[in-house]
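Here's the structure we're looking at; comments come further down.
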Amino acid sequence: MMKLRLVKNIWQLLAVLAFTHPLSAADPQPNILFIAVDDLNDWIGCMGGHPQAKTPNIDRLANRGTLFLNAHCNAPLCNPSRASVMTGMHPATSGVHGNQQDWRKSPYLQGRPTIGQYFKENGYYTAAAGKIFHANHGCEVGALNGGHGGLRGFNHPQSWTERFPSHDRQIAEPSVMTGRNMNGLDIWHWDWGSIDVPWEETSDGRSVKWAEGQLAKKHDKPFFLAVGIYRPHGPWYVPQEFFDAVPTVEEIKLPTVLKDDVSDIPQAALRYLRKKKHMHQRILDKGLWKEAVRAYLANIAFADTMVGKILDALDQSPYAKNTIVCLWSDHGWHLGEKKRWHKSTNWEEATRVPLIISLPGAQAQKCNRVVSLIDLFPTLIEGAQLKELKGLDGKSLMPLVKDPKAPWNSVAVTTRGGVHHSVRSDHWRYIRYSDGSEELYDHRNDPVEWDNLAMLPQFESIKKQLAESIPQEVRIVKEPSANHREPGFRPIFNGRDLTGWDGDLELWRVEDQQIIGQTVAENPLKHNSFLIWRGGWGGDFELRLEFKISSKNPRANSGIQYRSQERPEFGKWVLSGYQADIDARQKFTGILYEEKGRGILQRRGKSSVKELKSDEELLKAIKIDDWNEYRIVANENRLFHRINGETFMEFVDNDAEKFKRSGLLGLQLHKGPPMEIRFKNLRFKEFRAVEDRPIPEQPYRSRK
């Protein structure tokens, strides 16, 4: 009897091993399904980050694979985190630390293959949809380029056999552009609310539908299919059904926050919190904390549904029994903890991420070892039985997939901005800032990181031991921006159509990524007409654009209208307000004019504050039949016009009745002779805090 029981137990053990051991060399090469979810913290059911999170599909994946409960990103920001995952190089090695930085130009990554590229070079069919490398929603207009690379992002076409929506673009055009100000905070990139759009028509939905098609078709090679899900990245716009899927605002449970939590953190961290314009206080003042938490949970529910659609398609495909599934998030997210919102800190809320690796036929298991996203590249290489790639910074997680309690001595190192570092071990988090200040948290007794122990002498040896893992050399690539669009500026023209603009479409069109305004002799204008930007405008700002006027239109007259109001009593598409003039005859170009108001306020070469170059010198800066860059700065009641780097006009408006801090922007077509005006590369930056504004070259003084 005992012998029979022993035999039975051995067979049970072998059966378990068969389901939990990675594919052997005798098996066909496995497919890889690689799912990246943007800005997803630990608020998923299987991680217990929030009691009201509903993620049945991510939980179901965890129930058939290894859930890493202590996984951390290597940078708490999208671009450096994704570059690190996709190249297997830590930010300290690659020099990629910012969201505007084009990782493809780092000299330290030249000649290094990405994950997709390596699998493609080793016989795999590689395909991708959605945000895999860094990309952005393209602001109010769904711009292909612009800040953070826009919808194109910093894509790597060489990585993919096929790409959705195209090899030249990562994110499908949003069904609803951002900047709707549904929450009343007037922060264009961080907004939330329900949208009247089926999930299939959202940008994520279209990516998922394409991925479903990939899983349904026949493949002659093993495949590497990467699917990027943009939500819960802001803006938090999802169909109403996903808001209905989470508790009401009144029922929402807020994160547990210690009132004086930041009383023991260094000044370096406090300065960073202040730099973010007291976001938490704004949320409290508006009474929006519960609304924001609910919106984030609704977006998580949406992302989870997208994951479920992909898993359903896999399960119904011929590839279900031979596909490794890897789900990860690029970093975490704060929702008021430490009085912080968004990402980009070295604390647990920003570094801890969901990570699940599911092998064919595997059973549910949880791993508490500290691991890092840098380990994904070598893990997938081993899982796919490919040749080892030398020079990767991480190491394969397959030993932990085989046995979650296997010996493991690694820590997770997170680097922010190339200057601040944290080291996460099984029990500790150590943070060292650029000025040498420190934080230390004991996760056995303080999982929410409330008690900073760094100042206590009994922990000096712990700090010293953890500090040994901070990179000795941190490479910095001196490339502040991915393209000519400077950090902080966002496009207001997408180069394809007039999304966000309103005007007489018989007069305005888009060609070659340019806005062209044109009148003809057969249909002269009865009054000046404007193309009006409707995407949101207010406060102090800097506007940058390029314009071209032609010598073929010697009497062409145009302008850039700002801080303006509509004047329907004068006709449709008429604005009244400040205007930066453009004149083919060069008589008025650069001056400050008030449309339907005081007329010429400041001529070229004049200033209320200092001496400018002479009118003759400034005229030399203007180019006819070529592109000119116009910069307009409205800094409180001080206005600047600059063309091709020269200051043409500087004016302090002390007319309190006329002075306006907000108003519409417009591009002008002048009544009179036929004309044509061209604009491109329109982008602007709002100044919402004193420290954001340009520093005047001289102090203000009243204009007499």
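The values are calculated or read from the model by the stated rules, or taken from the named source; none is laboratory data. Quick caveat: nothing in here was measured; it's all calculated off a predicted structure. With ideal geometry, Cβ positions are generated from the backbone for all residues, glycine too; neighbour counts draw on all protein chains shown.
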Notebook entry, point to check: Does segment 485-539 hold any residues that are basic (Lys, Arg) and modelled with pLDDT under 85, and which are they?
Noted result: 485
Next item on the list: May I ask you to list pairs of residues, at least six apart or on different chains, whose Cβ atoms are under 6 Å apart, with the first in segment 331-342 being in the same structural domain as residue 71 (by TED's automatic domain parsing) and the second being of a type in the set (Lys, Arg) and part of a loop (DSSP other than H, G, I, E, B)?
Entry: 331/343; 333/343; 334/340
Check: Residues in segment 635-642: is at least one touching a strand residue (DSSP E or B) at 6+ places or on another chain (Cβ under 8 Å), among the charged types (D, E, K, R), free of Cβ contacts under 8 Å to residues at least 24 places away in the same chain and in a strand (DSSP E or B)?
Finding: yes
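Only one of these is part of a loop (DSSP other than H, G, I, E, B) and closer than 25 Å to residue 178 by Cβ: 531, 505. Name it. Even if it seems obvious, please write down each step before you answer.
Values: 531 fails: part of a loop (DSSP other than H, G, I, E, B).
The conditions single out 505.
For every residue, the table says whether it meets (1) buried (at least 17 other Cβ atoms within 10 Å of the Cβ); (2) assigned by TED's automatic domain parsing to the domain that holds residue 679; (3) within 40 Å of the chain's Cα centre (by Cα).
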residue: 597; (1), (2), (3): no, yes, no
residue: 611; (1), (2), (3): no, yes, no
residue: 623; (1), (2), (3): no, yes, yes
residue: 628; (1), (2), (3): yes, yes, yes
Next item on the list: Collect the residues in segment 238-264 that are in contact with a Phe, Trp or Tyr (Cβ under 7 Å, 6 or more places away or on another chain) and of a type outside the set (D, E, K, R), keeping them in residue-number order.
Entry: 238, 239, 242, 254, 258
Note to self: Please verify whether residue 691 is modelled with pLDDT under 90, under 28 Å from the mean Cα position of the chain (by Cα) and not in a loop (DSSP other than H, G, I, E, B), treating the condition exactly as stated.
What the structure shows: yes
Item checked: So residue 288, is it surrounded by 15 or more Cβ atoms within 10 Å (Cβ to Cβ), touching a residue at least 12 places away in the same chain (Cβ under 8 Å) and in contact with a Lys or Arg (Cβ under 8 Å, 6 or more places away or on another chain) -> no
Note to self: For residue 271, only one of the following conditions fails: (1) surrounded by fewer than 20 Cβ atoms within 10 Å (Cβ to Cβ); (2) touching a helix residue (DSSP H, G or I) at 6+ places or on another chain (Cβ under 9 Å). What is its number?
What the structure shows: (2)
Check: Does residue 254 satisfy being part of a loop (DSSP other than H, G, I, E, B) and either under 23 Å from the mean Cα position of the chain (by Cα) or in contact (Cβ under 8 Å) with a residue 60 or more places away in the chain (or both)?
Finding: yes
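Here is a check on your reading of the model: is residue 53 surrounded by fewer than 24 Cβ atoms within 10 Å (Cβ to Cβ) and in contact (Cβ under 8 Å) with a residue 24 or more places away in the chain?
The answer is yes for residue 53.
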Next item on the list: Kindly indicate whether any position in segment 117-130 is part of a loop (DSSP other than H, G, I, E, B) and over 23 Å from residue 211 (Cα atoms).
Entry: no
Notebook entry, point to check: When residue 616 is evaluated against the numbered criteria (1) touching a Ser or Thr at 6+ places or on another chain (Cβ under 9 Å); (2) at pLDDT below 95, which criterion, by number, is the only one it fails?
Noted result: (1)
Notebook entry, point to check: Looking at segment 579-588, which of its residues are surrounded by 15 or more Cβ atoms within 10 Å (Cβ to Cβ) and either modelled with pLDDT of 95 or more or basic (Lys, Arg) (or both)?
Noted result: 579, 580, 581, 582
Next item on the list: Restrict the check to segment 75-95 and report whether at least one residue is assigned to a helix (DSSP H, G or I), crowded, with 23+ Cβ neighbours inside 10 Å and basic (Lys, Arg).
Entry: yes
